[in-house]
Amino acid sequence: MTTTTAVRPTPPRPAPDGKRPTGSRAKAWATRAPLLPALVFLIVVTQLPFVATLVISFFDWNSLKPDQRHFTGFANYGSVFTDPALRDSVLTTVLLTATVVIVSVVLGLAFALLLDRTFFGRGFVRTLLITPFLIVPVSAALLWKHALYNPEYGLFNGALTWFGNLFGIDSMVQPEWTSEMPLMAVAAALVWQWTPFMMLILLAGLQSRPAEMMEAARLDGAGAWQMFRFLTLPHLRRYLELGVLLGSVYIVQNFDAVFTITAGGLGTANLPYTVYETFYRAHEYGLASAVGVVVVIGTVIIATFALRVVSSLFREEASRA
């Protein structure tokens, strides 16, 4: 009887000086080399302009008075939080972002629960609900401004007139939507466009629920509200957090709706629009750069939380698999 003994391969010995072998280093560089052009392009396009913006933010720099440019330190950042107009734009940004995100998440959850059911034409309804998110932001803002909000031929006032005629009311109120409720007008347009985004995220979360758990709860006599409160909602917690964080990242930078619908007037100027006004109209390069840096820092903080939520989602899915 012959016994064969498996011979284990001998691992490569490290170099005597503790350095990685030349062949290993060459292989590592060969693996990274295709990524270098993309990395260089990313640095040139994003990081160098940000560094330039950061440097300019420390100067009192008006393009109409180039000879009077001088270093001011953090004075521009102090103006961002102490100047009444800039402080109001910060508050408007927070209020607009919070309103749009909360309403979009609630509506997105309602539509996701609807589409999670099986009914005739579900694919067509899903396509219709996704469509607003696919429209170019400027086109969506123009649609709301002219086709819906216009006091003379807009759909909203037309519907009010139709209801007035239906119930015999001759003097039906015809509101000026963008002037009487400007911030609500901007928020409604953004909610319409971002609700499909929230719906897609939450629908993915609903379709990842364990079917066995839901069936067991149904057999145990749990009602629809109990299943939603104690099973569906806890399961959707990570997806809700992800939707809130990603929505906040994008909406806090929104410029199109504010510029197109109200042109930043009547208390609707948010931080991105303030950067535009300060840079292109007031020609205050230093102050505009400081506002831009504040926006970027806030966005990075929100994005960091979003990435952590995404990582935790992936870890949960990997542990279940």
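Can you tell me how many residues within the range 31-77 are under 18 Å from residue 279 (Cβ atoms), hydrophobic (A, V, I, L, M, F, W, C) and not in a helix (DSSP H, G or I)?
Residues meeting the conditions: 4.
Which count do you get for residues in the range 114-136 that are of a type in the set (A, V, I, L, M), open to solvent by 60 Å² or more (accessible area, probe 1.4 Å) and part of a helix (DSSP H, G or I)?
3
Considering 269, 306, 257, which residue is farther than 22 Å from residue 79 by Cα and either open to solvent by 60 Å² or more (accessible area, probe 1.4 Å) or modelled with pLDDT of 85 or more (or both)?
Answer to the selection: 257.
Conditions tested, residue by residue: (1) hydrophobic (A, V, I, L, M, F, W, C); (2) under 30 Å from residue 149 (Cα atoms).
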{"site": "196", "(1), (2)": "no, yes"}
{"site": "200", "(1), (2)": "yes, yes"}
{"site": "204", "(1), (2)": "yes, no"}
{"site": "213", "(1), (2)": "yes, no"}
{"site": "240", "(1), (2)": "yes, no"}
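Residue under question is residue 165, and the condition is that it be touching a Pro at 6+ places or on another chain (Cβ under 9 Å), in a helix (DSSP H, G or I) and at pLDDT below 90; does it hold?
When the stated conditions are applied, residue 165 does not pass them.
From the list 204, 189, exactly one residue is part of a helix (DSSP H, G or I) and open to solvent by 40 Å² or more (accessible area, probe 1.4 Å). Which is it?
Being part of a helix (DSSP H, G or I) and open to solvent by 40 Å² or more (accessible area, probe 1.4 Å) holds for just one of 204, 189, which is 204.
Step by step: first the residues of the range 204-227, then only those that are in contact (Cβ under 8 Å) with a residue 24 or more places away in the chain and within 14 Å of residue 117 (Cβ to Cβ), then the one that is farthest from the chain's Cα centre (by Cα). Which residue is that?
Step by step, filter the range 204-227, then rank; the result is 209.
Any idea which of 51, 103 is open to solvent by less than 70 Å² (accessible area, probe 1.4 Å) and modelled with pLDDT of 85 or more?
103
Looking only at the range 39-54, which residues are of a type outside the set (Phe, Trp, Tyr) and without any contact (Cβ under 8 Å) to a residue 60 or more places away in the chain?
Passing the criteria: 39, 40, 42, 43, 44, 45, 46, 47, 48, 49, 51, 52.
Since residue 279 meets every condition but one in (1) open to solvent by 50 Å² or more (accessible area, probe 1.4 Å); (2) under 17 Å from residue 85 (Cα atoms); (3) at pLDDT 85 or above; (4) not charged (D, E, K, R), which condition does it not meet?
Only one criterion is unmet by residue 279, namely (3).
The values are calculated or read from the model by the stated rules, or taken from the named source; none is laboratory data. Please read all numbers here as calculations on a predicted model, not as lab measurements. Glycine gets a Cβ as well: all are built from the backbone with ideal geometry, and neighbour counts include every protein chain shown. Side chains are part of the model used for accessible areas, which takes the heavy atoms of the whole protein and leaves out ligands, DNA and RNA. Shrake-Rupley method; radii C 1.70, N 1.55, O 1.52, S 1.80 Å.
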